[in-house]
Amino acid sequence: MATSKKFPMLAEMEPARPAANGKPEVGPVYRPNFHKAGWPKLEGVETCFDLFEKSCRLFADCPCLGERPVEDGVAGPFRFLTFREVEETVAAVASAYVRLGLKPRDRVGVLGANCKEWMMAMQGMNRMSIVCVPLYETLGDSTVEYIVKHSGTRLLVSAGSKLKVVAKAMSSAPVKATADVGVVYWGAAADADVQALKATGVKVMSWDELVSVGKEAAEAVPVKPSAEDLCTIMYTSGTTGDPKGVMIPHRSVVSTIAGLLAFLDFCKEKMGPSDSYLSYLPLAHIFDRVVEELMLSVGGCIGYWQGDIRKLMDDVCALRPTLFCGVPRVFERVYNGVRDKVEHGSFLSRLIFNWAYYRKEYYMKQGYRQDQASIISDLLVFKNVKAKLGGRVRVLVSGGAPLSQQIESFMRVVVGAPFVQGYGLTETCAASFIATPDNPLHVGSVGGPMPATEFRLEAVPELGYYPTSDPPRGEVCIRGPGVFSGYYANEAMTKEAVDADGFFHTGDVGELVTDGTLRIIDRKKNIFKLSQGEYIAVEKVENVYKTCPMVEQVWVYGDSTQSCLVGVVVPSHKGLMVWAAENGVAGEYEDVVGSPAARAAVLTAMTATGKAEKLNSLEQVKAVTLTAEQFTVENDLMTPSYKLKRAPLLKHFKKQVDAMYFELAEAEAAKKKAGGAPAS
């Protein structure tokens, strides 16, 4: 347990191990140097039930959960329920669960946009040792059907606006038999959707009716879960496209919260009842779930957005949050918005902005805190950016997917508060690594390990990554109390993901740089995230496009700093030439492949195939490049078993990939310009 000589922010817990017996070499096991002795703990807290109960006791009359009531189409100020009021409703919901026949370890699904009912439904489950199964509100009926059946969900709590999807899923006899307790919905629901749902034969009740049932019944005595009891089954994309159920025990969530609080203490930051967080990232995603649990644990309040991305900044200004979290796509919009406004401004305003920017950036690189680097820059220019975030924000965190270094550097300068990037997966309860605020060495990285995390790098020989190289590189493998307990009903996948030493293999390739901070540089598996934080199972997408009559071979690629997919296609000779003859395009196959019209026609055909096969919009490629060159073993674009070699494909077609993303960006910029310059 010694401080690493090369990486001062890390403590070496176990030595490196050379390759042996068919196993690749691994680097040392590291923990954060500031918290190397033991795992972080919270006094008197072992479960999510303990966490919330303690906060209700300590902060009973403080604001807890709030939203903006809408009258005549206009959203008013946030109105909050106190911790005491929320606890009363949670107790009623828990009692209603028991009255309906639910028992400890049963599963209850939640489908819908973030709101106070979502959180209270989940807290009611924690109170009775019931397992929460979150479902993304964007899911279609087929995926809802799959998750309900796979998880054994007995009750589905849904937004009224999603009842049409729920009714379609419940029309399946196996789903209806599984969800035998029925459906509860909150908010407004179309009468036709309610009637369609009732017509399936399932029991249906409103949220208010559920709460009334609980209040009328004798209050159920809480069934306290244990630390190892299952808290949540969180479904995330699998490599074949089927969702996989990540089993998260109470221990994982509580350890993660303890680690975050220990990290804040290390940074000399303290959060409490005066803090607030705007909930707009999906609660069905581990990132938002952990942040909301953190906020409740310190007595802070959570304000729920209206569910409309166009009204997000209005909600931000109404709540004035102190903590702001987002995925890269959100910060890309902030970046583009500020840059567009600067570019459309006068010569003098551009001059002032650039002077303020480069002055502050210079002093931040010298090690000055962002609030001390250039006070005059903040007063002249950047206070306006901070004001758009409500004016009270103390820290901003980007997570869910990699953020480009250009945008991260920009945000660190202009937002008027510490801006950091973090890293983690659903399987590691999100908060595994985080950059240290105001540390210029951490720009472009995800920082060091959190107190509930230890990690090592494992060699990936086929990609040329080794922990013994300089800098050390390899697959990021994570162990600690925050790690999941396995994949639900899939022991084989669990054994594949977690090795004999207890390390979860992330599939991400990282390198250690500067003081020991981690930089994610590659992806080992064929599944990746776009900038919105959404996983894409690329083989599933490619397999769909292979069914398109215009496609012979296809390679789909998604840059994690971009919001969409692109593809390189070897067109079907027959399909392409038939199209050419019908559309008056002359020439041999190679000539037609180079035609812009052919490129557009292939993209149109692929899009139609994708729609027919129910690919969602993020799974559809937005641009393609055509090539007459086949992907073969001989040109190193396929393996001997005829699988695509993705790293060589990217290297081979890098110029074309960059050109496609450039064209898409240009088209988006032109579209915005046609719509008029941004308002000041």
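Only one of 382, 433, 419 is buried (at least 23 other Cβ atoms within 10 Å of the Cβ), touching a Gly at 6+ places or on another chain (Cβ under 6 Å) and among the aromatic types (Phe, Trp, Tyr). Can you tell me which?
433
Mind checking whether some residue in segment 411-423 is touching a Leu at 6+ places or on another chain (Cβ under 8 Å), closer than 26 Å to residue 289 by Cα and among the hydroxyl-bearing types (Ser, Thr, Tyr)?
Yes, segment 411-423 contains at least one residue that is touching a Leu at 6+ places or on another chain (Cβ under 8 Å), closer than 26 Å to residue 289 by Cα and among the hydroxyl-bearing types (Ser, Thr, Tyr).
From the list 496, 491, pick out the single residue that is over 25 Å from residue 463 (Cβ atoms), without any contact (Cβ under 8 Å) to a residue 24 or more places away in the chain and not β-branched (Val, Ile, Thr).
Criteria check complete, one pass: 491.
Mind telling me which of the residues 637, 615, 664 ends up being assigned by TED's automatic domain parsing to the domain that holds residue 546 and either among the β-branched types (Val, Ile, Thr) or under 30 Å from residue 339 (Cα atoms) (or both)?
Just a single option satisfies the conditions, and that option is 664.
Just for segment 296-312: of the residues that are crowded, with 16+ Cβ neighbours inside 10 Å and either hydroxyl-bearing (Ser, Thr, Tyr) or without any contact (Cβ under 8 Å) to a residue 24 or more places away in the chain (or both), which one is nearest to residue 277 (Cα to Cα)?
304
When you look at residue 377, is it among the small types (Gly, Ala, Ser) and within 30 Å of residue 245 (Cβ to Cβ), yes or no?
no
If only one of 223, 184, 202 is in contact (Cβ under 8 Å) with a residue 24 or more places away in the chain and surrounded by fewer than 18 Cβ atoms within 10 Å (Cβ to Cβ), which one is it?
Of 223, 184, 202, the one residue that is in contact (Cβ under 8 Å) with a residue 24 or more places away in the chain and surrounded by fewer than 18 Cβ atoms within 10 Å (Cβ to Cβ) is 223.
For segment 261-268, check the following and say yes or no: at least one residue is among the basic types (Lys, Arg) and touching a helix residue (DSSP H, G or I) at 6+ places or on another chain (Cβ under 8 Å).
Checked segment 261-268: no residue is among the basic types (Lys, Arg) and touching a helix residue (DSSP H, G or I) at 6+ places or on another chain (Cβ under 8 Å).
Just a yes or no: is a residue in segment 46-62 surrounded by fewer than 21 Cβ atoms within 10 Å (Cβ to Cβ), among the aliphatic types (A, V, I, L, M), in contact with a Lys or Arg (Cβ under 7 Å, 6 or more places away or on another chain) and closer than 26 Å to residue 254 by Cα?
So far as segment 46-62 goes, yes, one or more of its residues are surrounded by fewer than 21 Cβ atoms within 10 Å (Cβ to Cβ), among the aliphatic types (A, V, I, L, M), in contact with a Lys or Arg (Cβ under 7 Å, 6 or more places away or on another chain) and closer than 26 Å to residue 254 by Cα.
Looking at (1) under 30 Å from the mean Cα position of the chain (by Cα); (2) more than 30 Å from residue 221 (Cβ to Cβ); (3) free of Cβ contacts under 8 Å to residues at least 12 places away in the same chain, can you tell me which one residue 43 breaks?
The single condition residue 43 does not satisfy is (2).
Within segment 97-127, which residues are buried (at least 22 other Cβ atoms within 10 Å of the Cβ) and acidic (Asp, Glu)?
The one that is buried (at least 22 other Cβ atoms within 10 Å of the Cβ) and acidic (Asp, Glu): 117.
Would you check if residue 315 is in a helix (DSSP H, G or I) and crowded, with 22+ Cβ neighbours inside 10 Å?
Here the answer is yes, as residue 315 does meet what is asked.
The values are calculated or read from the model by the stated rules, or taken from the named source; none is laboratory data. Please read these numbers as outputs of a predicted model, since none were measured by experiment. With ideal geometry, Cβ positions are generated from the backbone for all residues, glycine too; neighbour counts draw on all protein chains shown.
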